[in-house]
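Data block below; observations after.
The values are calculated or read from the model by the stated rules, or taken from the named source; none is laboratory data. Only a predicted model underlies this, so the values are computations on that prediction, with no experimental measurement involved. Because the Cβ atoms are built from the backbone with ideal geometry, glycine has one as well, and the counts that use them run over all protein chains shown. The accessibility values were calculated without ligands, DNA or RNA, using every heavy atom of the protein model including side chains. Shrake-Rupley method; radii C 1.70, N 1.55, O 1.52, S 1.80 Å.
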Amino acid sequence: MAARLPAPARLVKNYLRREVNASVHGDQGLHLERYSGPPGDPGLFGPDSVTWRVHADAPGMLMGGFASLMLQSLHPLAMAGVDQHSDFRGDPIGRLNRTVAYVLATSFGSTAVAEAAIAHVRDRVHPYVRGTAPDGRAYSAQDPHLLTWVHIAEVRCFLAGYERFGAPRLTPAERDRYFGETAELARRLGAKDVPETVAEVARFLHDIRPELHATEAAIEGIHFIRAFGTNSRERVAVRVLMNGAAALLPDWARDPLLLGRSDAVRLFVDRPVAQAAGRVLRWAMEPSEVIWAAYGRMGLRPPCQ
């Protein structure tokens, strides 16, 4: 059993946990009933999956999530859908809350909760996200190719965040398992030919690069997020997280977004500062109530917690 923290440390830990939970879950709250039952239901993945291990890591998922937004924005059709249909400028916290809720539900929720979350996005959100991009091309959130791109950008960044910010590195076989497991989520949304190994992901990213470039909307959107915050404390936190997220991007993905960070600053300032922030975040957030509930549903305790 872990030693009890001194009172001042407990106060700091509880304060940070409340602040982070309020930001990432918002008014929706944790809804632990989504994860605590029914007993024995593994959901879509279960406790033996690599997905549970990767998606349980708070700093990796948070900075990986920001990185995936930046990477996804480089596809002009995907970015046109976000720009024309998302309310991220008017309600960025609400957008974050909904994204976190979806990822947690599909990762750790019961089978019924995960399937309901996927069905909501597939049947009630994506059919209405369609239009014409500024370059005149039509786009649709139901396009299997775009669905595959958005998925690969996301899981590639989640895995990079997990391994970059302090969690034990996976073996090559475990990395392949992660991509293979999470491919099912993309297929359930309508994606086709989803890469399932590290090699297939690398080939997909290589082949799609001619389609990618930073539009005006992408640059403006990313810079809006980088500057977001209702007070100076929030603005500093967002900037640290976004700089750490940018360090997770492939080299070819950073310059088009005009992030204004040299390689030296990225390597010797952004990365170590983000790693330190990741250690604090992991200390504050673990053990996560959601992770405890999901493992408890299986009659288990979370590993190393």
What's the number of the only condition in (1) of a type in the set (F, W, Y); (2) without any contact (Cβ under 8 Å) to a residue 60 or more places away in the chain; (3) closer than 21 Å to S86 by Cα that W252 fails to meet? (3)
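Considering each of R282, R233 in turn, give the residue that is basic (K, R), more than 18 Å from S68 (Cβ to Cβ), in a helix (DSSP H, G or I) and open to solvent by 70 Å² or more (accessible area, probe 1.4 Å).
Result: R233 is the single residue among R282, R233 that is basic (K, R), more than 18 Å from S68 (Cβ to Cβ), in a helix (DSSP H, G or I) and open to solvent by 70 Å² or more (accessible area, probe 1.4 Å).
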Just to be sure I understand the filter: pairs with C-beta atoms under 6 Å, separated by 6 or more residues or on different chains, first member in the range 106-135 and over 23 Å from V155 (Cβ atoms), second member open to solvent by less than 30 Å² (accessible area, probe 1.4 Å) and part of a helix (DSSP H, G or I). Which pairs pass? A133/P76; A133/L77; A133/A80
(1) in contact with an Asp or Glu (Cβ under 6 Å, 6 or more places away or on another chain); (2) modelled with pLDDT of 95 or more all hold for A247 apart from (2)
First in the range 170-193 and crowded, with 18+ Cβ neighbours inside 10 Å, second anywhere and part of a loop (DSSP other than H, G, I, E, B) and of a type in the set (F, W, Y), Cβ under 8 Å, 6 or more apart: E181/F45
Within the range 51-99, track down each residue that is β-branched (V, I, T) and open to solvent by 30 Å² or more (accessible area, probe 1.4 Å). V82, I93, T99
Which numbered condition A167 misses (of (1) over 20 Å from the mean Cα position of the chain (by Cα); (2) within 24 Å of D251 (Cβ to Cβ); (3) small (G, A, S); (4) assigned to a loop (DSSP other than H, G, I, E, B)): (1)
Residues that are over 19 Å from S86 (Cα atoms) and in contact with a Phe, Trp or Tyr (Cβ under 9 Å, 6 or more places away or on another chain), drawn from the range 207-238: I208, R209, E211, L212, E234, R235, V238
Take the residues of the range 258-271 that are more than 14 Å from L248 (Cβ to Cβ) and assigned to a helix (DSSP H, G or I): which is most open to solvent (accessible area, probe 1.4 Å)? F268
Counted residues, the range 116-136 - those being under 19 Å from the mean Cα position of the chain (by Cα) and within 21 Å of Y35 (Cβ to Cβ): 4
The number of residues in the range 96-153 that are of a type in the set (G, A, S) and assigned to a helix (DSSP H, G or I) is 9
Within the range 5-22, does at least one residue satisfy the condition of being at positive phi, open to solvent by 40 Å² or more (accessible area, probe 1.4 Å) and outside any helix (DSSP H, G or I)? no
Return a yes/no flag: does the range 88-101 have any residue that is modelled with pLDDT of 95 or more, of a type in the set (A, V, I, L, M) and farther than 18 Å from I118 by Cα. no
Could you tell me whether E154 is touching a residue at least 40 places away in the same chain (Cβ under 8 Å), of a type outside the set (S, T, Y) and crowded, with 22+ Cβ neighbours inside 10 Å? yes
With of a type in the set (K, R), in contact (Cβ under 8 Å) with a residue 60 or more places away in the chain and within 24 Å of L16 (Cα to Cα) as the only criterion, which of R226, R282, R233, R239 stands out? R282
Among the residues of the range 206-230, the number that are open to solvent by 100 Å² or more (accessible area, probe 1.4 Å) and over 19 Å from W149 (Cα atoms) is 2
Considering residues of the range 1-43 that are under 22 Å from S110 (Cα atoms), modelled with pLDDT of 85 or more and of a type in the set (D, E) only, the residue nearest to the chain's Cα centre (by Cα): E33
